[in-house]
1. If you check 44, 4, which single one turns out to be part of a helix (DSSP H, G or I), touching a helix residue (DSSP H, G or I) at 6+ places or on another chain (Cβ under 8 Å) and modelled with pLDDT under 95?
2. Residue 64 is checked against (1) under 30 Å from residue 22 (Cβ atoms); (2) assigned to a strand (DSSP E or B); (3) free of Cβ contacts under 8 Å to residues at least 60 places away in the same chain; (4) in contact with a helix residue (DSSP H, G or I) (Cβ under 8 Å, 6 or more places away or on another chain) and fails just one. What number does that condition carry?
3. Answer with yes or no whether residue 38 is in a loop (DSSP other than H, G, I, E, B), away from the ligand (no atom under 16 Å from the Cβ) and more than 15 Å from the chain's Cα centre (by Cα).
4. Residue check, residue 99 against (1) assigned to a strand (DSSP E or B); (2) surrounded by fewer than 13 Cβ atoms within 10 Å (Cβ to Cβ); (3) more than 16 Å from the ligand (Cβ to nearest atom), all met but one. Which one?
5. For segment 25-41, which residues satisfy the criterion of being surrounded by fewer than 18 Cβ atoms within 10 Å (Cβ to Cβ) and out of contact with any helix residue (DSSP H, G or I) (no Cβ under 7 Å at 6 or more places or on another chain)?
6. Within segment 63-85, take every residue that is more than 10 Å from the ligand (Cβ to nearest atom), more than 24 Å from residue 51 (Cα to Cα) and surrounded by 14 or more Cβ atoms within 10 Å (Cβ to Cβ) and give me the one that is nearest to the chain's Cα centre (by Cα).
7. State all residues of segment 1-32 that are touching a residue at least 60 places away in the same chain (Cβ under 8 Å) and over 9 Å from residue 108 (Cβ atoms); if no residue qualifies, say none.
Ligand SMILES: [Zn+2]
């Protein structure tokens, strides 16, 4: 995922929501991003600052990013383990028959409007 494209997608989504509420300005947007999603939070913040400065409805809008822990499930021994430590190989039985449970999500959470 490219950060600037992500930023424009988030801005379009929150502006559509704010317009439904007849809000004049968006002050704050919260995002939940999984540990193994392809979005890099620091780059996202840089793109965000640049993009909201050009948008009357979102000038100085704050972006709050919450990380979500990545967990993988093993199909062989049916245990869950933290993805960022062991990646695709199960630490309990050594199997690579595993799949990602959580951690690649990208969710738009609360927004604060005026
Ligand atoms: Zn296992």
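The values are calculated or read from the model by the stated rules, or taken from the named source; none is laboratory data. If you're wondering where the values come from, they're calculated on a predicted model, not measured in any experiment. Positions of Cβ are backbone-derived with ideal geometry, glycine not excepted, and every protein chain shown enters the neighbour counts.
1. Working: 44 fails: modelled with pLDDT under 95.
Result: 4 is the single residue among 44, 4 that is part of a helix (DSSP H, G or I), touching a helix residue (DSSP H, G or I) at 6+ places or on another chain (Cβ under 8 Å) and modelled with pLDDT under 95.
2. (4)
3. Criteria not met by residue 38.
4. (3)
5. Across segment 25-41, the qualifying residues are 25, 27, 28, 30, 32, 38, 41.
6. Start the filter on segment 63-85 by keeping residues that are more than 10 Å from the ligand (Cβ to nearest atom), which leaves 63-71, 82-85.
Filter again for more than 24 Å from residue 51 (Cα to Cα), leaving 68-71, 82-85.
Narrowing the set further to residues that are surrounded by 14 or more Cβ atoms within 10 Å (Cβ to Cβ) leaves 68, 70-71, 82-83.
Values: 68: 8, 70: 12, 71: 16, 82: 18, 83: 17 Å.
Filtering segment 63-85 for residues that are more than 10 Å from the ligand (Cβ to nearest atom), more than 24 Å from residue 51 (Cα to Cα) and surrounded by 14 or more Cβ atoms within 10 Å (Cβ to Cβ), the one nearest to the chain's Cα centre (by Cα) comes out as 68.
7. First, the residues of segment 1-32 that are touching a residue at least 60 places away in the same chain (Cβ under 8 Å): 1, 6, 10, 13-14, 17-18, 21, 23-32.
Correct list: 1, 6, 18, 21, 23, 24, 25, 26, 27, 28.
Okay, residues lined up against (1) touching a strand residue (DSSP E or B) at 6+ places or on another chain (Cβ under 7 Å); (2) without any contact (Cβ under 8 Å) to a residue 60 or more places away in the chain:
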position: 58; (1), (2): yes, yes
position: 85; (1), (2): no, yes
position: 89; (1), (2): no, yes
position: 94; (1), (2): no, yes
position: 99; (1), (2): yes, yes
position: 103; (1), (2): yes, no
position: 111; (1), (2): yes, no
